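Following: one structure in C-alpha cells, then a few remarks.
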Amino acid sequence: MNARLNMFGNPAAMKVWKHIIAANQVLAESSVPHATLELVKIRASQINGCGGCLDMHTKDAAAAGETSTRLNLVAAWREATVYTEAERAALELTEQGTRLADAAGGVSDEVWANAAKYYDEDQLVVLVSQIAIINAFNRGNVIIQMPAGDYQPGQFG
C-alpha cells in the first residue's frame with residue numbers, strides 16, 4: 001500500500017507542511033504535559049480514522065513511557081479510570097473541537113469552562129492549537145491514504 005502523494009518528497013507540499021510541522025514543535029515545548037498532548041493527538045486521530053497518525057502517536061507515547069492500558073483506553077476515556085480530570089477535560093475539548101460538524105455551535109460553554117478549570121490561558125491556546133494541527137495532519141493523511149504500521153518512534157524528529 002502506498003500513499004497517493006509523497007508529502008515529504010514533493011517541494012510544493014513541503015512549503016506548506018514545514019510550517020505546520022514547526023508549529024507542532026512549538027507546542028511540544030509548552031507547559032501542557034507531553035502525555036496530555038499525545039492523548040489529544042490520539043483521540044482526534046481515532047475520530048478522524050487516521051491510521052498514520054495513530055501509528056505515530058501511540059508509538060511515540062509508548063516510547064515516552066505511556067502505559068499500554070492508557071493507550072488502549074483512549075477511545076473509551078469516559079469509562080476508564082486511568083485519566084486525570086485535567087486529561088478528561090482535554091479529551092472532551094478534543095472531541096468537540098474535532099467533531100465541529102456534529103454539533104451546532106462547536107465546543108460548548110460547559111466543555112470550555114471545564115477545560116479552563118485545569119488549564120490557564122496559555123495552556124488553552126496550546127490545546128486549541130494542538131487540536132487544530134492534529135486535525136490538519138489527519139485530514140491530509142486520510143486524503144492521501146497514508147499507510148500505517150511502519151512508523152518508528154522518533155522517526156520524524
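The values are calculated or read from the model by the stated rules, or taken from the named source; none is laboratory data. Bear in mind the structure is a predicted one, so any value in this text is a computation, not a measurement. Using ideal geometry, Cβ is built from the backbone for each residue, glycine included, and neighbour counts are taken over all protein chains shown. The accessibility values were calculated without ligands, DNA or RNA, using every heavy atom of the protein model including side chains. Shrake-Rupley method; radii C 1.70, N 1.55, O 1.52, S 1.80 Å.
Overview of values
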{"read-out": "Between 0 and 90°, nearest 10: helix 11-28 axis offset from the chain longest Cα axis", "value": "30 degrees"}
{"read-out": "Reach of LYS59 by Cα under 19 Å, taken over lysines that are not fewer than 8 positions away in the same chain", "value": "LYS41"}
{"read-out": "Paramagnetic label zone (point 7 Å from Cα along Cα-to-C-beta, GLU85; backbone N under 11 Å) in the range 25-45", "value": "none"}
{"read-out": "Using alpha-carbon coordinates, inclination of helix 34-48 to the longest axis of the chain, degrees", "value": "70 degrees"}
{"read-out": "Pairwise centroid distance, computed over Cα atoms, of the range 1-40 with the range 41-115, Å", "value": "18 Å"}
{"read-out": "Using alpha carbons only: equivalent-ellipsoid semi-axes of the range 1-147, gyration tensor based, whole Å", "value": "25, 17, 15"}
{"read-out": "Helix 85-98 axis, angle to the chain major axis (alpha carbon atoms, nearest 10°)", "value": "50 degrees"}
{"read-out": "Highest-MSF residue in the chain out of ILE42, ILE21, ILE134 [GNM, Cα springs under 10 Å]", "value": "ILE21"}
{"read-out": "Accessible-area composition of the range 71-128, carbon plus sulfur, in percent [1.4 Å probe]", "value": "51 percent"}
{"read-out": "Within the chain, helix-based [θ] at 222 nm, where runs of 4 or more DSSP H residues each add -39,500 (n - 2.57), nearest 500", "value": "-20500 deg cm²/dmol"}
{"read-out": "Rounded to whole Hz, the Karplus (6.51, -1.76, 1.60) HN-Hα couplings of the range 105-112, x for glycine and proline", "value": "x, x, 6, 6, 4, 5, 5, 4"}
{"read-out": "Karplus-derived 3J(HN,Hα), 6.51/-1.76/1.60, for each residue of the range 138-154, Hz, glycine and proline x", "value": "4, 5, x, 5, 5, 4, 8, 6, 5, x, 10, x, 9, 5, 10, x, x"}
{"read-out": "Per residue accessible area of the chain, 1.4 Å probe, in Å²", "value": "55 Å²"}
{"read-out": "Equivalent ellipsoid semi-axes - Cα gyration tensor, the range 61-130, angstrom", "value": "22, 15, 12"}
{"read-out": "Mean projected area in nm² (Cα convex hull; one quarter of hull surface) for the range 1-73", "value": "5.9 nm²"}
{"read-out": "Choice from MET14, MET146, MET56 showing the highest fluctuation, given a GNM over the chain with Cα pairs closer than 10 Å", "value": "MET14"}
{"read-out": "Whole-Hz couplings from phi, Karplus 6.51/-1.76/1.60, listed for the range 130-136; x for Gly and Pro", "value": "5, 4, 5, 5, 5, 5, 5"}
